[in-house]
Amino acid sequence: MFHTEMLSAEEKDLIKAAELIKQGEVVGFPTETVYGLAGNALDPEAVAKIFAAKGRPADNPLIVHLADFSEITEYAEDIPDSAYKLAEIFCPGPITMVVKKKDIIPDITSGGLDTVGIRVPVHKTAHEFIKLCGVPIAAPSANLSGSPSPTSADHVFADMNGRIPAIIDGGYCPVGVESTVVSFEGNAVRILRPGFVSGEDIKNAGFEVLYAKGVTERIDEGERVLSPGMKYKHYAPKAEVTIVDGDLEQFTEYVKKHYKAGTYSMIFDDDVLTFPYPYITYGNTAEEHARMLFGVLREADEIGAKQVFARCPSTDGVGLAVYNRLLRAAAFRVEKL
Ligand code: TXA
Ligand code: MG
């Protein structure tokens with residue numbers, strides 16, 4: 001058991017956090033997407049502590065975070081030209097590139113795979129912290145395995161209190177959903193997990209874009225997947241979540257018909273004037289949905305929701321990432337009206 005200390009984003013505290021990393025400990029830290037649980041990616045014992053703190057299955061690989069993309073050659077080999085071309089446009093930023101790993105990356109970090117996901121956060125505090133650590137930082141999202149990802153230091157504290165020595169409080173995460181995870185196939189880029197960098201963005205950069213199974217459909221038990229994280233139930237609050245796909249009028253009728261005690265609706269900000277049932281809002285635009293989604297799923301638990309009906313977001317741009325996470329929170333229950 002640790003007494004979990006809240007650190008600020010000031011340099012003296014970041015130095016303290018980096019000291020903990022050098023000692024082989026695990027620290028919660030902010031990024032532009034979600035909070036991460038940091039440990040030295042080259043130290044199998046530190047990485048084992050990350051898996052233990054999260055209760056994460058051992059076959060789910062961790063992303064390795066670097067202060068600068070140019071360091072990629074120390075940890076990966078056979079790096080395709082496409083990766084450099086993508087990096088020029090999107091790095092630093094909310095994208096993770098899966099490439100062939102070098103032996104220096106321990107098997108525990110890569111979940112036994114021969115590849116490694118490399119990401120260079122653009123968040124100022126994340127960048128400074130990683131630089132101070134002086135080692136590549138393995139970091140999954142800083143939630144307990146299966147819970148919604150944390151987008152504030154308080155969310156991290158709620159899940160990790162007593163499990164880790166410290167959390168760097170950098171305020172709310174501006175993107176709110178995890179990075180876009182991609183792999184390379186010839187000249188094509190395959191999206192393994194949608195995020196803020198969208199398929200359209202990558203297409204506009206001159207690539208053919210492919211989508212892995214699991215982005216919008218369920219993966220069957222025992223099925224082999226390109227990104228192991230996609231097969232796990234994820235982001236789920238305790239309430240039973242259902243995505244209800246229809247206009248506001250149809251949605252309201254649906255809620256009326258299925259209403260019982262403990263029902264909350266996840267609606268758009270613009271819906272509140274006429275919506276007559278208990279609700280939580282999650283913005284109007286795809287960017288707002290992304291920023292608010294995980295906080296709202298946590299709020300559903302706090303208010304004791306038993307049943308949540310969510311208005312279906314548009315899947316344009318970062319909306320696809322929102323829909324992908326919401327589908328998992330809903331265990332793939334979608335009502336098409
Ligand atoms: O935005 C993010 O990516 C955040 C912040 C902290 O950087 N991190 C994050 O990590 O979301 P995590 O561990 O919660 O999700 C990583 C996802 C998982 O679905 C995992 O299976 C996939 O990326 N992944 C990691 N390495 C991979 C690899 N070598 N091949 C395929 N998928 C990989
Ligand atoms: Mg995660």
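The values are calculated or read from the model by the stated rules, or taken from the named source; none is laboratory data. Just so it is clear, the model here is predicted, and its values are computed rather than measured. Heads up, the Cβs are rebuilt from the backbone with ideal geometry, glycines too, and the neighbour counts pull from every protein chain shown.
Which residues, counting only those in the stretch 135-153, are of a type in the set (Ser, Thr, Tyr), within 13 Å of ligand 2 (Cβ to nearest atom) and in a loop (DSSP other than H, G, I, E, B)? Correct list: Ser145, Ser147, Ser149, Thr151. Here is a list of conditions, (1) farther than 18 Å from Thr33 by Cα; (2) in a helix (DSSP H, G or I), and Ala87 meets all of them except one; can you say which number that is? Among (1) farther than 18 Å from Thr33 by Cα; (2) in a helix (DSSP H, G or I), the lone unmet condition for Ala87 is (1). Checked against (1) more than 13 Å from the chain's Cα centre (by Cα); (2) surrounded by 18 or more Cβ atoms within 10 Å (Cβ to Cβ); (3) within 13 Å of ligand 1 (Cβ to nearest atom), Ile164 passes all but a single condition, namely (3).
To keep it simple, each residue is scored yes or no on (1) within 16 Å of ligand 2 (Cβ to nearest atom); (2) over 29 Å from Glu200 (Cα atoms); (3) of a type in the set (Gly, Ala, Ser); (4) surrounded by fewer than 23 Cβ atoms within 10 Å (Cβ to Cβ).
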site: Arg56; (1), (2), (3), (4): yes, yes, no, yes
site: Asn60; (1), (2), (3), (4): yes, no, no, yes
site: Ile79; (1), (2), (3), (4): no, no, no, yes
site: Lys85; (1), (2), (3), (4): no, no, no, yes
site: Ile95; (1), (2), (3), (4): yes, no, no, no
site: His155; (1), (2), (3), (4): yes, yes, no, no
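Summed over the stretch 287-333, the residues that are over 16 Å from Pro194 (Cβ atoms), acidic (Asp, Glu) and without any contact (Cβ under 8 Å) to a residue 60 or more places away in the chain give a count of 3. Can you pull out every residue in the stretch 228-267 that is of a type in the set (A, V, I, L, M) and within 16 Å of ligand 2 (Cβ to nearest atom)? Once the filter is applied, which keeps residues that are of a type in the set (A, V, I, L, M) and within 16 Å of ligand 2 (Cβ to nearest atom), the stretch 228-267 yields Met230, Ala236. Selection over the stretch 177-199 of residues that are within 10 Å of ligand 1 (Cβ to nearest atom) and either among the hydrophobic types (A, V, I, L, M, F, W, C) or part of a loop (DSSP other than H, G, I, E, B) (or both) gives a count of 8.
The sole residue among Ala236, Ala290 that is within 19 Å of the chain's Cα centre (by Cα), in a loop (DSSP other than H, G, I, E, B), surrounded by 13 or more Cβ atoms within 10 Å (Cβ to Cβ) and within 16 Å of ligand 1 (Cβ to nearest atom) is Ala236. Residues of the stretch 268-283 that are in contact (Cβ under 8 Å) with a residue 40 or more places away in the chain and part of a loop (DSSP other than H, G, I, E, B): Phe268 alone. Selection within the stretch 114-134: residues that are part of a loop (DSSP other than H, G, I, E, B) and surrounded by 19 or more Cβ atoms within 10 Å (Cβ to Cβ). The member of this set that is nearest to ligand 2 (Cβ to nearest atom) is Pro121.
Being of a type in the set (Val, Ile, Thr), modelled with pLDDT of 95 or more and crowded, with 20+ Cβ neighbours inside 10 Å is a description that does not apply to Ile89. Could you check how many residues of the stretch 22-54 are surrounded by fewer than 24 Cβ atoms within 10 Å (Cβ to Cβ), touching a Gly at 6+ places or on another chain (Cβ under 9 Å) and part of a loop (DSSP other than H, G, I, E, B)? Summing the residues that are surrounded by fewer than 24 Cβ atoms within 10 Å (Cβ to Cβ), touching a Gly at 6+ places or on another chain (Cβ under 9 Å) and part of a loop (DSSP other than H, G, I, E, B) in the stretch 22-54 gives 4.
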